[in-house]
Amino acid sequence: MSDNGRRYAPKDATPRSQNSREFKLNLSEDQLNHIDELEDLQGYAGSRAPQRVEESSAGARSARAERNQKKEAKEHKKRNRVKARKNKRIFAFTWLAMVILVSLTLASYLIGGSNDFLGVDRMDSEVEVTIPENVTQEQLTDILYKSHAIDKPEFFSLFCKFTTEMEYFEPGTYTIKTNYDYKQLVNTLQSGPDLGEEITVMFREGITVQQLAALLEENGLHTADEILEACNSSNYDSYSDVAAITNTSDRYYKLEGYLFPDTYQFFENDTVESILDRFLNNFENKLTDEMRDDIAKSGYTTDQIITLASIIQAEAADTKDMYKVSAVLHNRLESGAEHDIYTLDCDSTVYYPYKTANDAPEGFVSSYSTYDNNGLPAGPICNPGLDAIMAAIYPSTSDDCRNAYYFCHDSNGKAYYASTMDDHLMNMAEAGLL
């Protein structure tokens, strides 16, 4: 067979002897990774094995990339561990600082509250506080804080919430020490104010507000000016009869007529409000439901009846005479115009709020004068007693005054009644008034 018919078969390499040494090529990782060496190997292999070289080069690149990724991931984890340890130390330090700061703040706050509870570190002085009726926890705390009796209102409020019954606080004015602890404060304010000695004062029927104020001052119960100022305030509009007054600006004293004359027991440290409350409460209690119903049926208001009663109180000689004087005044108010009588013409109204011309300033003209003004004056001219109020509600119906429009009294208090002016002039002559 010719050589052309033979298939070329390369000869086997010369067999290695047992003593021959095995050759190994040790390359570093950097050498294997170097792209130029791979390209040299590819050129050396020639055109006979381009695919194997390309595959070998791609595999090497892939292996290198994988190794680089692993290396970068490892280094990233290492950096994260270092960073985490550092962040942990910063967080621990910050947290510890916050805990210490909060603890110190809380401790300072609690120590301050504890000291206030015990009255520690407060100045040793006295303050005056006034507790109103039905005081609430919030009101009491605010009053004591503003007066510097306490420094920590939230602690006192909490103390009251869990230990104190608010309904046992006594209204009034108290002098307390600023270094009292909370328990001392509460006990003092619930025991009632130190009212001092008891003072008994009698107020006669028909006393005016000015006279009443002067009498209170004489007994050491505030000044007359304080009483008079209170009598024109709106502090007593909780009383229905006082609240019903609509012409306050026309009156000399708003409470005139409603300070019921009686004998009262006061204390030297009573407030103006508590003193006047006693008069007004007494007035409300004296007017029964039956009397109020009859006033409503009469066509007069309560204020008009009290105004009429005050004039009766000032004009009548005695209780019996009150009912007859009332009849004359009712006749004038209700049917006087039929006899050309339009005014009440009562001397007791001429100088009000003063009793006489000598008491009044020179040239004084009262807006209450029933000689100059028709009908009833703007308000009461004094504080009438119960008899005068009853007479105003229930005037006499006796024959001698049923149609009477005039009355007068002699120096002994004897009363004369007349239906005409002529008869009245005769009565005045007989009474020694002409």
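The values are calculated or read from the model by the stated rules, or taken from the named source; none is laboratory data. Since the model is a prediction, treat every value here as computed from it, not as a measurement. Cβ sites come from the backbone with ideal geometry, for glycine too, and all protein chains shown count toward neighbours. When the accessible area is computed, the model is the full protein with side chains, heavy atoms only, and any ligands, DNA or RNA have been set aside. Shrake-Rupley method; radii C 1.70, N 1.55, O 1.52, S 1.80 Å.
A compact table of results
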{"quantity": "Failed item in (1) touching a Gly at 6+ places or on another chain (Cβ under 8 Å); (2) open to solvent by 70 Å² or more (accessible area, probe 1.4 Å), with Phe267 passing the rest", "calculated": "(2)"}
{"quantity": "Contacts under 8 angstrom Cβ, first residue in segment 355-373 being at negative phi and of a type in the set (S, T, N, Q), partner open to solvent by 70 Å² or more (accessible area, probe 1.4 Å) and in a loop (DSSP other than H, G, I, E, B), 6 or more apart", "calculated": "Ser366/Tyr351"}
{"quantity": "Which numbered condition Ala388 misses (of (1) surrounded by fewer than 18 Cβ atoms within 10 Å (Cβ to Cβ); (2) not in a loop (DSSP other than H, G, I, E, B))", "calculated": "(1)"}
{"quantity": "Residue match in segment 184-196 (condition: on the phi > 0 side of the Ramachandran plot and not acidic (Asp, Glu))", "calculated": "yes"}
{"quantity": "Number of the exception - Tyr300 against (1) modelled with pLDDT of 95 or more; (2) part of a helix (DSSP H, G or I)", "calculated": "(2)"}
{"quantity": "The lone exception for Ala309 - which of (1) assigned to a loop (DSSP other than H, G, I, E, B); (2) at pLDDT 95 or above it fails", "calculated": "(1)"}
{"quantity": "Restricting segment 321-345 to residues that are touching a residue at least 12 places away in the same chain (Cβ under 8 Å) and part of a loop (DSSP other than H, G, I, E, B), the residue that is surrounded by the fewest Cβ atoms within 10 Å (Cβ to Cβ)", "calculated": "Tyr342"}
{"quantity": "Counted residues, segment 234-264 - those being open to solvent by less than 50 Å² (accessible area, probe 1.4 Å) and either touching a Cys at 6+ places or on another chain (Cβ under 8 Å) or of a type outside the set (Ser, Thr, Tyr) (or both)", "calculated": "13"}
{"quantity": "Check on Pro353, part of a loop (DSSP other than H, G, I, E, B) and at pLDDT 95 or above", "calculated": "yes"}
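Residue-wise test of (1) surrounded by fewer than 18 Cβ atoms within 10 Å (Cβ to Cβ); (2) in contact with a strand residue (DSSP E or B) (Cβ under 7 Å, 6 or more places away or on another chain); (3) under 21 Å from Ala214 (Cβ atoms); (4) of a type in the set (Val, Ile, Thr).
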{"residue": "Ile311", "(1), (2), (3), (4)": "no, no, no, yes"}
{"residue": "Thr319", "(1), (2), (3), (4)": "yes, no, no, yes"}
{"residue": "Pro353", "(1), (2), (3), (4)": "no, no, yes, no"}
{"residue": "Asp359", "(1), (2), (3), (4)": "yes, no, yes, no"}
{"residue": "Tyr368", "(1), (2), (3), (4)": "no, no, yes, no"}
{"residue": "Asn373", "(1), (2), (3), (4)": "yes, no, no, no"}
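Residues checked against (1) in a helix (DSSP H, G or I); (2) modelled with pLDDT under 95:
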| position | (1), (2) |
| --- | --- |
| Ala360 | no, yes |
| Pro384 | no, no |
| Asp400 | yes, yes |
| Gly413 | no, yes |
| Tyr416 | no, no |
| Leu425 | yes, no |
| Met428 | yes, no |
